[in-house]
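Q: First the structure, then my questions, so here it is.
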Amino acid sequence: MAEAIGLIIAAIIAAVVAFLTLIISKEQSVSEFRQQWIDALRKDIAIIIGRLIAIQGSHPPKDDWQGFHRVIVRIRLRLNPDEAREGEKEETKAVLDTLRTLESMFPIVNASENPQPHQLKGLVKTLVDNSRRILKANWDRVREGEDGYRKAKSRAVIAFWVSVATAVIVGIGYGLYKLNMICG
């Protein structure tokens, strides 16, 4: 009987371990994709700021404006306008608003008048500060693990201790049974 109980416990532990391994593997992939997203967003923000610095006081060709707007669109596509997470909601809104302002200041057609540096300084600061907070929040999520990973990890600890407790209780029960058989 003890062997049957031991086999059942071992099967349950193996199933829990397999399930948790699956969750951890999936969450690791999500974290890797999030890290790629962070790197791409950081790169595009740097491109926008670099172009803003480069175009101050100059009249770049139309191709430069198209590239500028293409990067803005890539950033916009990476950000969720309905973001609800604390530490990202207001920041995402601010970045998207800043991008809209920049697009209106630098239209693809008829971009003959460039804003003065003092007009761009506040926009660049808003873009950098809020992007930094968004990137930090997402980096923290990568570092700490996705929600599913953190839940799976805590469940794994609980499952381990429940398994240990069950094994101890079954062992004690079996020992008492044997003792009762000998003494009884």
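The values are calculated or read from the model by the stated rules, or taken from the named source; none is laboratory data. What you see is a predicted model; the values in this text were computed from it and never measured. In this analysis, Cβ positions are derived from the backbone assuming ideal geometry, glycine residues included, and neighbour counts consider all displayed protein chains.
Q: Counting just the residues of segment 59-77 that are surrounded by fewer than 14 Cβ atoms within 10 Å (Cβ to Cβ) and charged (D, E, K, R), which one comes out nearest to Lys43 (Cα to Cα)?
A: Arg70
Q: Going through Glu32, Glu90, Glu86 one at a time, which residue ends up being in contact with a helix residue (DSSP H, G or I) (Cβ under 9 Å, 6 or more places away or on another chain), at pLDDT 90 or above and surrounded by fewer than 15 Cβ atoms within 10 Å (Cβ to Cβ)? Full working, then the answer.
A: Details: Glu32 fails: at pLDDT 90 or above; Glu86 fails: at pLDDT 90 or above.
Glu90 is the lone residue from the list that is in contact with a helix residue (DSSP H, G or I) (Cβ under 9 Å, 6 or more places away or on another chain), at pLDDT 90 or above and surrounded by fewer than 15 Cβ atoms within 10 Å (Cβ to Cβ).
Q: Exactly one of (1) assigned to a helix (DSSP H, G or I); (2) surrounded by fewer than 15 Cβ atoms within 10 Å (Cβ to Cβ); (3) at pLDDT below 90; (4) not basic (Lys, Arg) is unmet by Asp97. Its number?
A: The single condition Asp97 does not satisfy is (3).
Q: Take the conditions aliphatic (A, V, I, L, M), modelled with pLDDT under 90 and either in a helix (DSSP H, G or I) or on the phi > 0 side of the Ramachandran plot (or both) and apply them to Val128. Does it pass? Reasoning before the result, please.
A: On the way: aliphatic (A, V, I, L, M): yes; modelled with pLDDT under 90: no; either in a helix (DSSP H, G or I) or on the phi > 0 side of the Ramachandran plot (or both): yes.
It is false that Val128 is aliphatic (A, V, I, L, M), modelled with pLDDT under 90 and either in a helix (DSSP H, G or I) or on the phi > 0 side of the Ramachandran plot (or both).
Q: If you don't mind, there's one more thing I want to ask. Ala18 versus (1) more than 17 Å from Val124 (Cα to Cα); (2) in contact (Cβ under 8 Å) with a residue 60 or more places away in the chain: which is the lone unmet condition?
A: Condition not satisfied by Ala18: (2).
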